[in-house]
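Have a look at the structure below, then the notes.
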Amino acid sequence: MADLKKQIASGKIAPVYFFQGPESWLKEEIETQLKAAIFPSENEAALNTLVLYGPDLTLGQIVSAASEYPMFTEKKLVVVRQFDKLKKVTDKTESQRQEKSLLSYLSDPPSFTVLVLDADEIEKTELEKAPYKHLKAFRHDFGAIKNAEIFAAERAREAGWEFEPEALKTFSGYIEPSSRLICQEIEKLTLYASNKRPERRITLDDVCDCVGISRKYNVFELEKALVSKNLRQCSGIALMIMEQEGQKEGLMNIVRYLTTFFLRIWKLQTPGAQQLSLQETAAMLGMYGRQEYFAKNFIGYARQFSAAETENAILALRDADAALKGIIPSPDDRFTLLKLMQQLFN
């Protein structure tokens, strides 16, 4: 996405964009950047931006709308949301005609239109079918955020800020891996921190104050108790986290954080991992920049858990996730948590 932003910022505007994936916030961000690059003012952008919705349209109607000349301006922006939910055309001949119409449009797009086709996540097999296969050259994927730490660090850096290592670890442990939530919280954090100090860094205190995290009961402290293999302390901290955040949301954060924790240990326990340099180890664990500091911790953690303990923990976390999703029956979230804690120490 960074490359796409740079292209637009440099004035390299493509005639067609096909966005697919669940991260609507990031897609909207690109659309906003396109408007600013295409139109000289917000008023002109509002007058010459046409937003359409897939369920109301056929492929032919989209091509027709994009082919119409703009009024009183050189360019127009056409955004089609829910492009993956177009009206079905049952007549085979008509469907083929509309597909040919799209191919003709794509072979020589009009210079006066920027067409954005915005779809939710589409199965890989479906992407190889019409109309998506014809849009391969214009496709940009906006997949779900896999590593909240990396994404949060990059977003802060884009804004000219940097997380201190402990701050980033705690922040990513509490924030759902959603671009919308992460970006909104970073915006609040930078505003809050800028009123406290001239240095553009985000501290653990900033995260605790602004995001509303307890300094005593947080995933950072939970990790310490886990490594010391203190079941009572782990359960107590985890229960307090759930009380602070709401039972289900708190449990989801704990399961997500501990899953990342044990998967990193599992990676370090694979053959050959101990021969890697610290930088290589950090990259394998998905830790970059100042987060490399924590790679040393995980090298030590990997020696404190046996391979069997790690495997058992991952299986226990999988069961807890299934209970949260209703796949495995559970009386309530508190029971799920306490059961998880017991299984982690078996």
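The values are calculated or read from the model by the stated rules, or taken from the named source; none is laboratory data. Model, not experiment: these values are computed from the prediction. Cβ: placed from backbone, ideal geometry, glycine included. Neighbour counts: every protein chain shown. When the accessible area is computed, the model is the full protein with side chains, heavy atoms only, and any ligands, DNA or RNA have been set aside. Shrake-Rupley method; radii C 1.70, N 1.55, O 1.52, S 1.80 Å.
For the reader, a short list of remarks on this structure follows.
Residue-by-condition table, conditions (1) in a loop (DSSP other than H, G, I, E, B); (2) surrounded by fewer than 13 Cβ atoms within 10 Å (Cβ to Cβ):
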{"site": "L4", "(1), (2)": "no, no"}
{"site": "G11", "(1), (2)": "yes, yes"}
{"site": "W25", "(1), (2)": "no, no"}
{"site": "E28", "(1), (2)": "no, no"}
{"site": "Q33", "(1), (2)": "no, no"}
{"site": "P55", "(1), (2)": "no, yes"}
{"site": "M71", "(1), (2)": "yes, yes"}
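Every residue, every condition in (1) assigned by the TED database to the domain that holds S228; (2) open to solvent by 70 Å² or more (accessible area, probe 1.4 Å); (3) under 25 Å from the mean Cα position of the chain (by Cα), yes or no:
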| site | (1), (2), (3) |
| --- | --- |
| T260 | yes, no, yes |
| P271 | yes, yes, no |
| E280 | yes, yes, yes |
| M284 | yes, no, yes |
| T310 | yes, no, no |
| I327 | yes, yes, yes |
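- The single condition from (1) open to solvent by less than 50 Å² (accessible area, probe 1.4 Å); (2) part of a loop (DSSP other than H, G, I, E, B); (3) over 24 Å from E245 (Cα atoms) that Q98 fails is (2).
- So A322, is it surrounded by fewer than 20 Cβ atoms within 10 Å (Cβ to Cβ), modelled with pLDDT under 90 and not assigned by the TED database to the domain that holds F171: no
- Residue pairs whose Cβ atoms lie under 7 Å apart, sitting 6 or more positions apart in sequence or on different chains, and linking a residue in the stretch 65-82 that is assigned by the TED database to the domain that holds A37 to a partner that is basic (K, R) and open to solvent by 50 Å² or more (accessible area, probe 1.4 Å), are L77/K35.
- Annotation for the stretch 37-48: no member residue is more than 18 Å from F112 (Cα to Cα) and touching a residue at least 24 places away in the same chain (Cβ under 8 Å).
- Some residue of the stretch 195-213 being buried (at least 20 other Cβ atoms within 10 Å of the Cβ), part of a loop (DSSP other than H, G, I, E, B) and over 21 Å from the mean Cα position of the chain (by Cα): yes
- Some residue of the stretch 120-127 being more than 23 Å from D56 (Cα to Cα), acidic (D, E) and open to solvent by less than 90 Å² (accessible area, probe 1.4 Å): no
- Every pair of residues 6+ apart whose Cβ atoms lie under 7 Å, when the first sits in the stretch 185-200 and is acidic (D, E) while the second is modelled with pLDDT under 90 and surrounded by 12 or more Cβ atoms within 10 Å (Cβ to Cβ): E185/I175; E185/V211
- When each of A14, A46, A66 is tested for being over 25 Å from the mean Cα position of the chain (by Cα), among the small types (G, A, S), farther than 21 Å from R180 by Cα and at pLDDT 95 or above, the lone residue that passes is A66.
- Residue satisfying condition, being under 15 Å from E223 (Cα atoms), aliphatic (A, V, I, L, M) and either at pLDDT 90 or above or part of a helix (DSSP H, G or I) (or both), within set L338, L317: L317
- Selection count where residues are surrounded by 15 or more Cβ atoms within 10 Å (Cβ to Cβ), out of contact with any Cys (no Cβ under 9 Å at 6 or more places or on another chain) and small (G, A, S), scope the stretch 222-255: 4
- Residue match in the stretch 175-184 (condition: open to solvent by 70 Å² or more (accessible area, probe 1.4 Å) and either small (G, A, S) or touching a residue at least 12 places away in the same chain (Cβ under 8 Å) (or both)): yes
- Scan of the stretch 139-160 for residues that are open to solvent by less than 40 Å² (accessible area, probe 1.4 Å), touching a residue at least 60 places away in the same chain (Cβ under 8 Å) and in a helix (DSSP H, G or I), ordered by number: E149, A153
- Check on L276, farther than 17 Å from Y174 by Cα and open to solvent by less than 10 Å² (accessible area, probe 1.4 Å): no
- Contacts under 8 angstrom Cβ, first residue in the stretch 310-339 being touching a residue at least 12 places away in the same chain (Cβ under 8 Å) and within 28 Å of F298 (Cα to Cα), partner outside any helix (DSSP H, G or I) and among the hydrophobic types (A, V, I, L, M, F, W, C), 6 or more apart: A313/F305; D319/I328
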